[in-house]
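No value in this document is a laboratory result; all are computed from the given coordinates. Worth saying up front: this structure is predicted, and the values here are computed from it rather than measured. Cβ placement follows ideal geometry from the backbone for every residue including glycine, while neighbour counts extend to all protein chains displayed.
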Amino acid sequence: MTRAPSGGHASESDPLGEYEDVLALAAERATRFLAELDDRQVLPGDADLERLRAFLDEPFPDAPSSAAKVVGDLDRFGSPATVASMGRRYFGLVIGGVLPAALGASWLASTWDQNAGLHVCAAVAAEIERAALRDLLDVLGLPSECEAAYVTGATMASFTALLAGRHALLERMGWDVEARGLYGAPEIPVYLSSEMHPAVRKSLGMLGLGRDRVRPLPVDDQGRIREDAIPSIEGPSIVCAQAGNVNTGASDAFERLADRVAETGGWLHVDGAFGLWANAAPTRRHLVRGVERADSWATDAHKWLNVPYDSGLAFVRDAACLRAACTVDAVYLTRGERREPSETTPELSRRARGVEIWAALRSLGRSGIAELVDRCCRHATRFAEGLAGAGHEVLNDVVLNQVVVAFGDADETDRVIDAIQRDGTCWCGPTEYQGRRAMRISVSSWATTEADVERSLEVMLRCAAGAPC
């Protein structure tokens, strides 16, 4: 076999030549990127971003370029301009790293290039997702009859789960929403935590249920729905609760909420983007007691399970409602007797996200997932103890992987956050919590070590003291 020159185009007689060259180059550059993560600042520098912009602003070329050149340029200009969220000291926005098995599975799944919408198009993807669903329900302690949607993130997960809820409630009231739409449909009251993540409100807006017509439920000082303030729920309604407040990590009282929703034949949805994973750790399970009594759940695998973006999950107890809301028919769509992925998601064509999830689950096992959750929580506790011990105000009870800290008034807190971010050793973002300006620390990466925590804590304390960072 005649090989195409390295960095050139493969000939028709050697169609694999360019693939081999470019994959070898990508592996080399990706490995180097990972090796350099620990020595670089978390945020890219201005000069790196300017070089990237200048490169991207070059005129569109008239002639083709080799795959090796394209990937080499992407690494040369793109890699230095990335945020090191893949690293061990990124504590912003509840972003996890990527497990080695999940990254390897992602590369292989991209090479397979399967359209995971239909079993006939991608039997391997459909079967892997079926197996991953079984393991996810087991690990997360959810009912075994649940169906799942593999979607992009928690926004689409809540959208999909609430799509099933909208179908279920309107069907009980004699209304076929898929056929007739919402014009003239019975009203569905929606109740949600006053500190619900905006992704849920966005989902309600996309569903035609309205972002601003919801009925907010008051919360306590940890962001939990107050049990003593749960109102009488009017008829079949949607109630949205949280497993893991986005600031504090606290979870709602699911047992009480489930009782109240069941009285009226409503639908209880849980946004558990990261907090649902507390149910995977025996030491944290009590924090989400009763969560399995909900009707639907949303979570992100790219948070605590540490798989690549984008990877959200919607679980729905009543599989028939999810399929009724999502199924699409066409004469050319071939269906068999097995589970059809397209019947559970708003998408028809999509990538095989479940492959990475399956790989992460298998690489960690039950004990590894529990230990990952516990380890991140221990790191968060250490941050809180170190900051409080130095006289800074930790605003939340640190029960999970979230720490909210204030360094005085809003201006001083912003000064400290800016200094920490400019130092580059670690990255934490600002937040507003119940009227207070604060810094939020989210520990989500499998790779973060005790040494990383101590190194980051030392920088936080130094910056808070006004010393050069």
Open item on the list: Just to compare against my own numbers: the Cα pair-distance distribution for the stretch 103-361, 10 Å bins, whole % per bin, please.
Closed with: 7, 32, 36, 20, 5, 0
- [ ] Largest first and to the nearest Å, give the Cα extent of the stretch 188-341 along each principal axis.
- [x] 54, 37, 25
Open item on the list: Taking every pair of distinct Cα atoms and averaging 1/r, then inverting, what Kirkwood hydrodynamic radius in Å comes out for the stretch 278-355?
Closed with: 14.9 Å
Open item on the list: What distance in nm lies between label points placed 7 Å from Cα along the C-beta direction at Lys202 and Ser232?
Closed with: 3.7 nm
Open item on the list: How far apart, in nanometres, would the label points at Arg32 and Glu255 be if each is projected 7 angstrom from Cα along the Cα-to-Cβ direction?
Closed with: 5.8 nm
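Which trypsin sites (Lys or Arg not before Pro) from the stretch 160-249 combine a DSSP loop assignment with at most 13 other Cβ atoms within 10 Å?
Answer by residue number: Arg213.
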Task: Electrostatic dipole magnitude of the stretch 115-226 [Cβ: Lys, Arg +1; Asp, Glu -1; Cα centre; debye, to 20] - done: 440 debye
Task: Value of D in µm² per second that Stokes-Einstein yields for the stretch 335-432, Kirkwood Rh from Cα pairs, at 10 °C (1.306 mPa s) - done: 91 µm²/s
- [ ] Report, as a whole number in µm² per second, the diffusion coefficient that Stokes-Einstein gives for the stretch 180-255 at 4 °C and 1.567 mPa s using the Kirkwood radius over alpha carbon pairs.
- [x] 98 µm²/s
Open item on the list: From Cα pairs below 8 angstrom and at least 6 apart in sequence, can you work out the relative contact order of the stretch 17-84, rounded to a whole percent?
Closed with: 58 percent
Open item on the list: Amide H of Glu393 versus every other amide H placed in the peptide plane: which residues, excluding those fewer than 5 positions away on the same chain, fall under 5 Å?
Closed with: Ala406, Gly408
Open item on the list: Between the stretch 397-469 and the stretch 98-171, what is the separation of their alpha carbon centroids in Å?
Closed with: 34 Å
Open item on the list: Report for the chain the percent antiparallel among DSSP-assigned beta bridges with both residues inside it, nearest 5.
Closed with: 60 percent
Open item on the list: To check you understand DSSP bridge types, tell me what percent of the beta bridges within the stretch 256-380 (both residues inside) are antiparallel, rounded to 5.
Closed with: 60 percent
Open item on the list: Charges at C-beta only: +1 for Lys and Arg, -1 for Asp and Glu. How large is the resulting dipole of the stretch 103-361 about its Cα centre, in Debye rounded to 20?
Closed with: 240 debye
Task: Assigned charges on the beta-carbon of Lys, Arg, Asp, Glu; the stretch 265-391 dipole about Cα centre (debye) - done: 400 debye
Task: Rel. contact order, % - alpha carbon contacts under 8 angstrom, at least six apart, the chain - done: 20 percent
TODO: Let me know the whole percent of all Cα-Cα pairs from the chain that are separated by more than 28 Å.
DONE: 57 percent
Open item on the list: Between Ala467 and Asp221, what is the label-point separation in nm under the 7 Å Cα-to-beta-carbon projection?
Closed with: 3.2 nm
Task: Rg followed by Dmax, in Å, when the stretch 17-84 is reduced to its Cα trace - done: 13.4, 39
